[in-house]
Amino acid sequence: MKIPFSTFGPMHEKMRDEMLEAFTKVYDKGWFIQGSECSEFEKEFAAYCGRSHCIGCATGLDAIYLALKAMGIGEGDEVICPSNTFIATVLAVSYTGAKPVLVEPDELTYNMCGKGLKEALSEKTKAVIAVHLYGQTAEMDEILDFVKANDLKLIEDCAQAHGATYKGKKAGSFGDAAAFSFYPGKNLGALGDGGAVLTDDEELAKRIRALGNYGSVAKYDHQYKGTNSRLDEMQAAFLRVKLKSLDEMNAFRNKVAMRFLTEIKNDKIKLPVVGENRTHVWHIFAVMTDDKKALKEYLDKNGIGYNEHYPIPIHKQGAYLYDKLGSFPFAEYISASELSLPMYYGMSDEEVSYIIDVLNKF
């Protein structure tokens, strides 16, 4: 049996007619930037996440950057980030001129918690970026206590956590701002790149929107040195269709994940842990193993796709070698040990059973 790491086939077949209808509507209207599809999606996604404002932008990286920039974070400032995140999180910090300061994650969930925050704090610290990794939130109570005690801004990186909750509240509803990616492979993915920033702060929302539209507060009135980062109408229309099915798709992922968690029984494979007071949307089903090379070869032999998130930690990346970010042995352990199993809407019971059987025989 051949099982890919991921495929859009079952999901896109299910919503094919509605997606083609959305395409036709935008195509026939002939309005492709800053139109009604984007504004309606912004309203719908803000309501879904429990926020007052949503500002569409071009990518998840841009979403983080625009939030930081709108908060006035820049040269000489420091922003605390997890050591095991995707590089986009820290690139956004670097693009503002600020310095990323890394902290190690929780050893059970691999997500940011209160660990290391006090040690990372300096008089230059202006913000914390809490990344909700793999599909569940960071330890928000500990992080919120820290940022409030030290008068810091909090940005949530929700690129992998569309629909996840912490104590009943949606990911993206905690920080001063929250950044989302709609890269096609996300739980809520466009058919191209896309992103959004969510906030309850009306003035911050206005600055973010202006910064993403050439710094313009009105046509040809540029109050800021902005950039061009907007969510286009076609992607917004597709996202409106997919948003209606997001909870259903997440529930399907959870059903597959529960089978993996209860039926994979192999001491050589460490299964993921769901943190307390959280719901997990299983963007990634990440397992750890002490012999990743052997497991990769074994999965290849048995036709099971996989991915690695992320094989080189940020502080070891060539882009940051000269920044001397520090030593992060747990991030290195995760990079050396992590493999992501197939996880997508439409997996058959037979495919799930096959993956479980193969892993139990490793």
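The values are calculated or read from the model by the stated rules, or taken from the named source; none is laboratory data. Source: prediction; values computed, not measured. Don't worry about glycine lacking a Cβ; one is built from the backbone with ideal geometry, like all the others, and counts go over all protein chains shown. Surface accessibility is based on the protein's heavy atoms, side chains included, excluding ligands, DNA and RNA. Shrake-Rupley method; radii C 1.70, N 1.55, O 1.52, S 1.80 Å.
If F174 satisfies all but one of (1) hydrophobic (A, V, I, L, M, F, W, C); (2) open to solvent by 30 Å² or more (accessible area, probe 1.4 Å); (3) over 28 Å from S340 (Cα atoms); (4) in contact with a strand residue (DSSP E or B) (Cβ under 9 Å, 6 or more places away or on another chain), what's the number of the condition it fails?
F174 satisfies all of (1) hydrophobic (A, V, I, L, M, F, W, C); (2) open to solvent by 30 Å² or more (accessible area, probe 1.4 Å); (3) over 28 Å from S340 (Cα atoms); (4) in contact with a strand residue (DSSP E or B) (Cβ under 9 Å, 6 or more places away or on another chain) except (3).
So V79 ticks every box in (1) touching a residue at least 40 places away in the same chain (Cβ under 8 Å); (2) open to solvent by 40 Å² or more (accessible area, probe 1.4 Å) but one. Which box is left unticked?
Among (1) touching a residue at least 40 places away in the same chain (Cβ under 8 Å); (2) open to solvent by 40 Å² or more (accessible area, probe 1.4 Å), V79 violates only (2).
Kindly indicate whether any position in segment 103-117 is in contact (Cβ under 8 Å) with a residue 12 or more places away in the chain, open to solvent by 50 Å² or more (accessible area, probe 1.4 Å), in contact with a Phe, Trp or Tyr (Cβ under 8 Å, 6 or more places away or on another chain) and not in a helix (DSSP H, G or I).
Here is the first cut: in segment 103-117, the ones in contact (Cβ under 8 Å) with a residue 12 or more places away in the chain are 103-117.
This time we only want the ones that are open to solvent by 50 Å² or more (accessible area, probe 1.4 Å), so: 107-108, 115.
Then keep just the ones that are in contact with a Phe, Trp or Tyr (Cβ under 8 Å, 6 or more places away or on another chain); that gives 107.
Next cut, not in a helix (DSSP H, G or I) only: 107.
Within segment 103-117 (the criterion being in contact (Cβ under 8 Å) with a residue 12 or more places away in the chain, open to solvent by 50 Å² or more (accessible area, probe 1.4 Å), in contact with a Phe, Trp or Tyr (Cβ under 8 Å, 6 or more places away or on another chain) and not in a helix (DSSP H, G or I)), the answer is yes, since at least one residue qualifies.
Give the residues of segment 222-243 that are outside any helix (DSSP H, G or I) and either in contact with a strand residue (DSSP E or B) (Cβ under 6 Å, 6 or more places away or on another chain) or surrounded by 14 or more Cβ atoms within 10 Å (Cβ to Cβ) (or both), sorted by residue number.
Step one: list which residues in segment 222-243 are outside any helix (DSSP H, G or I), which gives 222-232.
Residues satisfying the conditions are H222, Q223, Y224, G226, T227, S229, R230, L231, D232.
Among the residues of segment 289-303, is there at least one that is farther than 15 Å from G135 by Cα and β-branched (V, I, T)?
Yes, because at least one residue in segment 289-303 is farther than 15 Å from G135 by Cα and β-branched (V, I, T).
Within segment 196-214, is even one residue in a loop (DSSP other than H, G, I, E, B), under 19 Å from Q34 (Cα atoms) and either open to solvent by less than 70 Å² (accessible area, probe 1.4 Å) or touching a residue at least 24 places away in the same chain (Cβ under 8 Å) (or both)? Steps first, please.
Within segment 196-214, the first condition is being in a loop (DSSP other than H, G, I, E, B), and the residues that meet it are 200-201, 212, 214.
Add one more test, that the residue is under 19 Å from Q34 (Cα atoms), and what stays is 212, 214.
Narrowing the set further to residues that are either open to solvent by less than 70 Å² (accessible area, probe 1.4 Å) or touching a residue at least 24 places away in the same chain (Cβ under 8 Å) (or both) leaves 212.
Within segment 196-214 (the criterion being in a loop (DSSP other than H, G, I, E, B), under 19 Å from Q34 (Cα atoms) and either open to solvent by less than 70 Å² (accessible area, probe 1.4 Å) or touching a residue at least 24 places away in the same chain (Cβ under 8 Å) (or both)), the answer is yes, since at least one residue qualifies.
Applying the selection to segment 24-39, what residues are farther than 19 Å from K206 by Cβ and either of a type in the set (D, E) or open to solvent by 80 Å² or more (accessible area, probe 1.4 Å) (or both)?
K25, Y27, D28, K29, W31, F32, E37
Check whether at least one residue in segment 139-147 is in contact (Cβ under 8 Å) with a residue 40 or more places away in the chain and open to solvent by less than 30 Å² (accessible area, probe 1.4 Å), and report yes or no. Talk me through it step by step, then tell me what you get.
Here is the first cut: in segment 139-147, the residues in contact (Cβ under 8 Å) with a residue 40 or more places away in the chain are 139.
Adding the requirement that they be open to solvent by less than 30 Å² (accessible area, probe 1.4 Å) leaves none.
No - not one qualifying residue is present in segment 139-147.
If I filter segment 153-163 for residues that are outside any loop (DSSP other than H, G, I, E, B), open to solvent by 20 Å² or more (accessible area, probe 1.4 Å) and at negative phi, do I get at least one hit? Give the steps one after another, and end with the answer.
Within segment 153-163, the subset outside any loop (DSSP other than H, G, I, E, B) is 153-157.
From what is left, the residues that are open to solvent by 20 Å² or more (accessible area, probe 1.4 Å) are 153.
Filter once more, keeping what is at negative phi: 153.
So far as segment 153-163 goes, yes, one or more of its residues are outside any loop (DSSP other than H, G, I, E, B), open to solvent by 20 Å² or more (accessible area, probe 1.4 Å) and at negative phi.
In segment 119-136, what residues are in a helix (DSSP H, G or I) and either open to solvent by 50 Å² or more (accessible area, probe 1.4 Å) or at pLDDT below 95 (or both)?
Of everything in segment 119-136, just one residue is in a helix (DSSP H, G or I) and either open to solvent by 50 Å² or more (accessible area, probe 1.4 Å) or at pLDDT below 95 (or both), namely E119.
Among T89, T59, T24, which is the only one that is over 26 Å from K225 (Cβ atoms) and not hydrophobic (A, V, I, L, M, F, W, C)?
From the options T89, T59, T24, the qualifying one is T24.
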